[in-house]
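S.K.: Below is one structure. I have some questions about it.
The values are calculated or read from the model by the stated rules, or taken from the named source; none is laboratory data. Keep in mind that this is a model prediction, so the values were computed, not measured. Don't worry about glycine lacking a Cβ; one is built from the backbone with ideal geometry, like all the others, and counts go over all protein chains shown. Keep in mind that these areas ignore ligands, DNA and RNA; they rest on the heavy atoms of the full protein, side chains included. Shrake-Rupley method; radii C 1.70, N 1.55, O 1.52, S 1.80 Å.
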Amino acid sequence: AEDITYPFSITTTSLTANDNFTFTLSASGTFYVDCGDGGTLSQNNVTITGAISRENNTNNDTYKCAWSNSGTHTIRFGGVVTRYNSDVDIPTISFSSSATKIKSLSGDLSKLFTTNDNIGTPRFIGTFSGASSLTSIPETLFTDYTTSTNQMFKETFKNCDSLQEIPHVLFSNITASAPSLFEYTFSGCSSLTTIPSDLFSGLTD
């Protein structure tokens, strides 16, 4: 069997039997999604048994994990990006349609959505927006990002109203700022008491 690495995962809240979790992708490349716990991955009600192969980097397509059993489920994500969508208003990946079903995050999105001059830079516009059960963010979530693009983290965690704190190193390697880079990133996160003073200390412009 092919050795697949899954650098990022989401654990759901407790779901009822036959519930589902949806997400969108807009980058091109080869992606692997392990729904875990007997879950089934599909697009437009067609089951996907192997990789998600995306040749188009302009479409924003929806995929679904579904389970016949109730409980919490861990969904793992891996793959290789070949090109990012250049539309400043479309996120590379978004879980906002099922955000209320997110319990926790693990791993590093920058290991999945890598960057170089040939493929562009990902955007996480509203990616976790509305994740009302999310209480923490892994400090490793964006480790490898050193540069940025327009609206890269716009509304990324908007209305995550159970979020307790922000890791002070979350964006520590990003040194170049871009228009609307952190616009409304944590807007509506009403349980936050403070934002680390050094959260954006790496920015040089």
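S.K.: Would you list, by chain and number, the lysines whose Cα falls below 23 Å from the Cα of Lys154, excluding same-chain residues fewer than 8 positions away?
M.R.: Straight-distance partners of Lys154: Lys101, Lys103, Lys111.
S.K.: Relative to the present Cα-Cα distance, how much length would full extension add between Ser14 and Asn59 at 0.36 nm per residue of separation?
M.R.: Answer, rounded to one decimal: 13.1 nm.
S.K.: Sequence gap at least 6, Cα distance under 8 Å: using those rules, report the relative contact order of the chain to the nearest whole percent.
M.R.: Relative contact order here is 19 percent.
S.K.: Solvent-accessible area per residue for segment 19-61 at a 1.4 Å probe radius, Å²?
M.R.: Accessible surface, normalised per residue, equals 47 Å².
S.K.: If you take the Cα Rg of segment 103-182 and divide it by 2.2 N^0.38 Å, with N the number of residues, what do you get?
M.R.: 1.07
S.K.: Let me ask another. For the chain, which whole-number percentage of the solvent-accessible area (1.4 Å probe, protein heavy atoms only) is attributable to carbon and sulfur atoms?
M.R.: 42
S.K.: Run the helix sum for the chain: -39,500 (n - 2.57) per DSSP H stretch of 4+ residues, divided by residue count, reported at 222 nm to the nearest 500 deg cm²/dmol.
M.R.: -500 deg cm²/dmol
S.K.: Once you sort the root eigenvalues of the Cα gyration tensor of the chain as a ≥ b ≥ c, which label holds: rounded (a/c under 1.5), prolate (a/b larger than b/c) or oblate (the other case)?
M.R.: Cα axes put the chain in the oblate bin.
S.K.: Within 14 Å, Cβ to Cβ, of Ala131, how many net charges do the neighbouring residues add up to if Lys/Arg are +1 and Asp/Glu are -1?
M.R.: Residues close to Ala131 contribute a combined charge of +1.
S.K.: Over the chain, with a Gaussian network built from C-alpha contacts below 10 Å, which listed residue (Asn20, Asn60, Asn44) shows the highest mean-square fluctuation?
M.R.: Among Asn20, Asn60, Asn44, the largest GNM mean-square fluctuation belongs to Asn44.
S.K.: I've got another one for you. Considering only C-alpha atoms, what is the centroid distance from segment 153-201 to segment 36-67, in Å?
M.R.: 30
S.K.: For segment 4-48, divide the Cα radius of gyration by the Kirkwood radius and give the resulting Rg/Rh value with two decimals.
M.R.: Result: Rg/Rh = 0.94.
S.K.: Ok, one more. Could you compute the net charge surrounding Thr24? Neighbours are other residues with a C-beta less than 11 Å from the C-beta of Thr24; K and R count +1, D and E count -1.
M.R.: 0
S.K.: Separate question: Please identify, among Ala17, Ala27, Ala99, the residue showing maximal mean-square fluctuation in a Gaussian network model of the chain using a 10 angstrom Cα cutoff.
M.R.: Ala17
S.K.: What does the charge count near Ser94 come to, summing +1 for each Lys or Arg and -1 for each Asp or Glu among other residues with Cβ under 14 Å from its Cβ?
M.R.: Here the charged neighbours net out to +1.
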